[in-house]
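Presented below is the structure to which this report refers.
FYI, it's all coordinate maths here, none of it is from the lab. Bear in mind that the values here come from a model prediction, so they are computed numbers and not experimental data. Please note: Cβ atoms are built from the backbone with ideal geometry, for glycine as well, and neighbour counts cover all protein chains shown.
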Amino acid sequence: MWQISSTKNDPRMGKNLSIIIKTISQLPLRETTNFLIYQFMLHTGLLKISTPTKSKNQNLAVIHLTPSWFPFLGENLQDAGLVPHREKIISRAEKIVNGKIQFFSTIETDLDLGPLITLRHWSSAYTRSERSALGDIKFIWEPARFDWAIHLAQAYFLTKEERYADYFWKKYSEFVEQNPLNQGPNWESAQEVALRIISWTITLNFLQSSSVSSPEEITHLCTNIADHADRILPTLAYAKAQNNNHLISEAVGLYTAGTFLKNHPNALKWRTVGKKWFESAIQRQIDDNGEYIQHSTNYHRMMLTLSIWMEKLVTQNEDQLSNRTMEHLRSSVVWLWNILDQQSGCAPNLGHNDGSLILPFSTSTYADYRPIIQAASILFTGRKILEPGAYDDLANWLAIAETDRDTTSTQIKHDCPRIGDDLSWGTLRAMRYRSRPAHADQLHVDLWYQGVNVLLDAGTYQYNAAPPYDNGFAGTLPHNTITFMEDRKSVV
């Protein structure tokens, strides 16, 4: 979403024109139209007007900003065998109160919520030099998602230690001060705004009983959540144009705000718009085989995680998702399960994998897909697709239990697109792409031996960095496949 300023006689202008022509000719008309709508609103200043830097919600009556709590969070946890995870949860929270978090579940770094760039309205373009100095935007967006706050909330729930709640409110205040409304990179992506809504509402549900969670603090955060929801709606056309995880994230973010702030004047609108576009996205983005539109294992997991959260909220509102939507979600669970390595819980690293892991309740490793597969299978099919294990903790925290849900239309069978057995196996990537793939991974070979990915897909790492990390793993060459190289010696 970064806008880059241009100059006259820029040699890249011809290339940009070529990209525009290809976009119009190759992308669906609906997506192209939404992108043009977004660009029109951006360049005419309409987005700057519709997302002001002064809150529309700060003068609302307190009743409009009173939370409607999520009672399922933490429900019956003590009966769910949580004790084995207690030490891990507290240890993780201790690092956070000491100012350390893990970027992308792997890189330990200081918790810094600053925008690291001159503040201006999010819709204003940043120059190429500013963008270059900033580096990869993911390093600014990652801590601002507030996933780490869920870890603090878990630790507070288990121990009632006030310092976990106190640290959250301290860092929340820092974020508000350093990232004022609709200014800077942390307001630029509506998807990031939506993910922050989800993290904040979950965290506040667990911290509501804390002595440091004063009514004034809670009202302030609820006002901020409403401001975040107001930021999403004006740029929904951009998410529709993307037709990927952005649209699902923003739809779920809106629905979350509309459920949490049920008395807000816009609550019904947020829920209605959120549900409409969530269902539309699920039905368009999951194919008949259950694979996600981005052809990425990690984004497949992100889609399922958002869908789990959405289903829990829809149920709380005594509503339901359509049968067609549920059928798509069930098939997506089976697809992910079919490529799972039974020994490690990992899966082939297909497509983009830039470290996204939302709703990080589980203490399993980042690469372990079993927490999401188990929770999603219980929620969407009514029963566990895996044997019970330590990875059940995500389902336990979200109070997801087996039911008598009728799933006769979905036959769960181990029809794996691979050869071998549970100990050693391999796959050959052979896809007929119906949407734009992020990686040139056709005929890529993955080989697994006793839980170790011997021949693997490198993933993504970064999109903007010095070579080879400037999305350099997306091409054919880094994959285990056939690469046709030009014989330069024969070129005259």
_Given charges at Cβ of Lys, Arg, Asp, Glu: the chain dipole, positive-most of L261, A149, S91_ = L261
*Only Cα pairs under 8 Å and at least 6 apart count here; give the relative contact order of the chain as a rounded whole percent.*
14
*Rounded to the nearest 0.05, what FRET efficiency is calculated for I63 and A399 with R0 set to 25 Å and r the Cβ-Cβ distance?*
0.35
*Mind giving me the FRET efficiency for R436 and T33? R0 is 22 Å, r the Cβ-Cβ distance, nearest 0.05 is fine.*
0.85
_Full-extension gain between R163 and F103, please, as 0.36 nm times their residue separation minus the C-alpha to C-alpha distance._
19.4 nm
*Cross-link list K88/K240; K95/K262; K48/K269: which exceed 30 angstrom alpha carbon to alpha carbon?*
K88/K240; K95/K262
*Show me 161-171, 309-319 ranked by packing, highest mean number of other Cβ atoms within 10 Å first.*
161-171, 309-319
*Take the eigenvalues of the Cα gyration tensor for the stretch 137-182, scale each by 5, and report the square roots as semi-axes in whole Å, largest first.*
23, 13, 6
*asked:* If packing is taken as the average number of other Cβ atoms within 10 Å across a peptide's residues, how do 261-271, 449-459 rank, most packed first?
replied: 261-271, 449-459
*Which ³J(HN,Hα) values, rounded to whole Hz and listed in residue order, are derived for the stretch 144-160 from phi using the Karplus coefficients 6.51, -1.76 and 1.60 in 6.51 cos²θ - 1.76 cosθ + 1.60 with θ = phi - 60°, glycine and proline given as x?*
6, 6, 6, 4, 4, 5, 5, 5, 5, 5, 4, 5, 5, 4, 7, 10, 6
*Starting at the first residue of the stretch 182-189, write each ³J(HN,Hα) from the Karplus equation 6.51 cos²θ - 1.76 cosθ + 1.60 with θ = phi - 60°, in whole Hz, x for Gly and Pro.*
6, 10, x, x, 6, 10, 6, 9
*Using the beta-carbon distance between T315 and L77 and R0 = 25 Å, what value does 1/(1 + (r/R0)^6) give for FRET efficiency, to the nearest 0.05?*
0.85
_Other-chain or far-sequence residues with amide H under 5 Å of S424's (modelled H)_ = Q450
*So what is the calculated 222 nm ellipticity per residue for the chain, using -39500 (n - 2.57) for each DSSP H run with n of 4 or more, over all residues, to the nearest 500 deg cm²/dmol?*
-14500 deg cm²/dmol
*Reported label for calculated Rg and Dmax of the Cα atoms in Å given (1) 26.9, 83; (2) 22.7, 78; (3) 22.7, 73*: (2)
*Do you know the relative contact order of the stretch 135-231, to the nearest whole percent, from alpha carbon pairs under 8 angstrom that are 6+ apart?*
38
*Considering only DSSP beta bridges where both residues belong to the chain, give the percentage that are antiparallel (nearest 5).*
95
